[in-house]
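Following: one structure in structure tokens, then a few remarks.
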């Protein structure tokens, strides 16, 4: 509720302060002084001055303020809805719906011209796109429910058929007297700079509607995204929820046609949500971050296009979203490449250290003459024996010993011998004990043969925590004290220093 109140307050702030500034601004004519550009060789990049940077950063110009705010609101809506699409494994649905709008745009243009109206009426074109998009996702749902065709195949069929029909209708429009200046290609490639106040109202309305629906149906959408079968078994209207979700995608897609076009709107829907996935494992945080990244992409992309007018805003918005995705992919705190590499490196170092300590402890066990009465005593350990016990090479063993020495588990190593310190000896006893506990559990409860259990235990024992070890001891009442009971795979018991 607190988050919903914050979002509503933000929406009220936009309606109270941003909208009046957009409505009351004066549109300036910048058509004077335009010169033909000529060839590409005569088109040097005009880098913005400090005054230009300040003007764009403070949104002093009407057109800049309109485009930047509209693009950021659209990015917020796309990032929010895209999170559900990503978790629903329907990333292609946005692309399908965007391409399915092209026949509706063309038919709406032809219908308005046939009835004597202007074919360039934006509400009429958007209504045609909306109806065509609804028909597209209804066709996907029908194919999925009636036939045994999977989601990806159904979306691919609808995408190609509807887009092919749209291209055919677009060819007919180009042959009409009114079609030469129709400007329908703006819906294909996007034309953010031509957005007007009515477009801002459409985008802001779609954003507020998407936010309210997602807050109201958050728990239901979450259940459908993570376990559709369970939701259906509990009596939830999965089809209705799916229809509402895809309806939101359709509305957001239609609203984004003017900004980035039907070709690039899929990137605006999926890229922010995919970038947010690298930062969190919680759905609420994922949606919030996706909306934030989408809004930031729209803001920065439109601002860069305002500073460099020759760069198309739609393409720049998508490129900014892609850059944020790359940053998230490498530096994301939950699933980023660097974080995963660091965690895997730590785990690999931990596994190598545990192998070294267990091999050292088992060698010390083998030196005990009477294991029933004598305790395992810490002492010098032959490196040559460790090489054969784990099939290490000499450089690999030396590397693991140096790492254990740096981690304060090895007291000294020289002249073919190493000696564990007190902490290393206790850790070696604990590692060996946990390994044998897991071996015994696999033998008694997983029906694994004793001559194969060592390798299976080796693959899992390194992630055993203290709670799981205690649980293993409770599940194995016959083995109450691992320090005195013989374990499989070893001729000697652990008889001291295990704690």
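The table for this structure:
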item: Geometric extent, Cα atoms of region 57-119 - Rg, Dmax (angstrom); result: 17.3, 46
item: Kirkwood hydrodynamic radius over Cα pairs of region 204-305, then Stokes diffusion coefficient at 10 °C and 1.306 mPa s, in µm²/s; result: 107
item: Ranked by how many other beta carbons lie within 10 Å on average, peptides 400-409, 81-90 from highest; result: 81-90, 400-409
item: Estimated FRET transfer efficiency when R0 is 41 angstrom, pair residue 329-residue 377 (beta carbons, to 0.05); result: 0.20
item: Exposure proxy order (Cβ contacts within 10 Å, fewest to most) of 199, 152, 61; result: 152, 61, 199
item: Fewest-first ranking of 300, 122, 245, using other Cβ atoms within 10 Å as the exposure measure; result: 122, 300, 245
item: Added length on full extension, which subtracts the Cα-Cα distance from 0.36 nm per residue, residue 152 to residue 89; result: 21.7 nm
item: Ellipsoid semi-axes in whole angstrom, largest first, where each is sqrt(5λ) of the Cα gyration tensor of region 263-386; result: 58, 14, 9
item: Likely footprinting exposure, 417, 365, fewest C-beta neighbours within 10 Å first; result: 417, 365
item: R0 of 51 Å, Cβ-Cβ distance residue 161-residue 197: FRET efficiency to nearest 0.05; result: 0.90
item: Computed FRET value (nearest 0.05) for residue 396 with residue 471, which takes r as the C-beta separation and R₀ as 35 Å; result: 0.55
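None of the figures in this text is laboratory data; all of them are computed from the coordinates on show. Note that this is a predicted model, so its numbers are computed, not measured. Cβ: placed from backbone, ideal geometry, glycine included. Neighbour counts: every protein chain shown.
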